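Everything on this sheet refers to the single structure shown next.
The values are calculated or read from the model by the stated rules, or taken from the named source; none is laboratory data. Just so we're clear, the structure is a prediction, and the values are computed from it rather than from any experiment. Here the Cβ positions follow ideal geometry from the backbone for every residue, glycine too, while neighbour counts run over all protein chains shown. Just the protein is used for accessible areas: all its heavy atoms, side chains included, with ligands, DNA and RNA removed. Shrake-Rupley method; radii C 1.70, N 1.55, O 1.52, S 1.80 Å.
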Amino acid sequence: DPKQYPSRDELLGALDRVIGRHPKTTFVCVHFANNAEDLAWVDRKLTERPNMHADLAARIPELGRHDPETLRSLFTRHQDRILFATDFQVYGKLILGSSGDAENPTDDDAAAFYAKEWRWLETRDRDWAHMTPIQGDWTISAIGLPPEVSRKIYFDNAAKLLARSLPSPVMSSERCS
């Protein structure tokens, strides 16, 4: 209801203004900055806002519909600020991405889910079924990132962000005394 809620563009503008007003704060904009449909916007904001990061949680099905070469270029350009993420949850039961409550996935389903996540990032396979069919009935194409880029997305970028919040390691001599 546009009389009651701001438009999508207004919300994205508000997000951009907050990030711009707080340049010393690192923002991880989940779900590919909630704008997986508009790669140009995400690319522009990652370029303009060095304190902005984007994660992949539950957006590979949307991202996989774009031209793989365009995505590979964007991911390579912003390889230091894209984070691997899923909406994988364990709360009394397994929830794989946007699977909803109707399913009761198994460990084998989780392995298949992650295999598709890796397939999308690491191969150049074309036109295959994505990992969360509840999001839509379409196929996606993989982006085939180089190993050094995928390593950053899988691990290094999150380690850099999280390392700032971890306590310093205790020296082994201090533990022994």
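No other residue among Lys116, Lys152 is touching an Asp or Glu at 6+ places or on another chain (Cβ under 8 Å) and farther than 19 Å from Glu37 by Cα apart from Lys152.
Looking only at residues of the range 1-41 that are in contact with a strand residue (DSSP E or B) (Cβ under 6 Å, 6 or more places away or on another chain) and part of a helix (DSSP H, G or I), we find that the one that is most open to solvent (accessible area, probe 1.4 Å) is Val30. Do the conditions hold for Arg49, that is, is it under 25 Å from Ile134 (Cα atoms) and not acidic (Asp, Glu)? No: the conditions fail for Arg49.
What about Asp109, is it without any contact (Cβ under 8 Å) to a residue 60 or more places away in the chain, over 19 Å from Val30 (Cα atoms) and loosely packed, with under 13 Cβ neighbours inside 10 Å? Criteria not met by Asp109.
Tell me whether the range 5-17 contains one or more residues that are in contact (Cβ under 8 Å) with a residue 24 or more places away in the chain and over 16 Å from Ile82 (Cα atoms). Looking through the range 5-17, at least one residue is in contact (Cβ under 8 Å) with a residue 24 or more places away in the chain and over 16 Å from Ile82 (Cα atoms). Name the one entry in Leu83, Leu56, Leu74 that is modelled with pLDDT of 95 or more, closer than 19 Å to Trp128 by Cα and of a type in the set (A, V, I, L, M, F, W, C). Going through Leu83, Leu56, Leu74 in turn, the sole match is Leu56. Annotation note: of Glu69, Glu62, the sole residue that is over 15 Å from Ile153 (Cβ atoms) and either within 12 Å of the chain's Cα centre (by Cα) or in a strand (DSSP E or B) (or both) is Glu62. Of the residues making up the range 6-19, just one is within 13 Å of Glu48 (Cα to Cα) and more than 21 Å from the chain's Cα centre (by Cα), namely Arg17. Could you list, in sequence order, all residues of the range 122-144 that are among the β-branched types (Val, Ile, Thr) and open to solvent by 10 Å² or more (accessible area, probe 1.4 Å)? Those that are among the β-branched types (Val, Ile, Thr) and open to solvent by 10 Å² or more (accessible area, probe 1.4 Å): Thr123, Ile134, Thr139.
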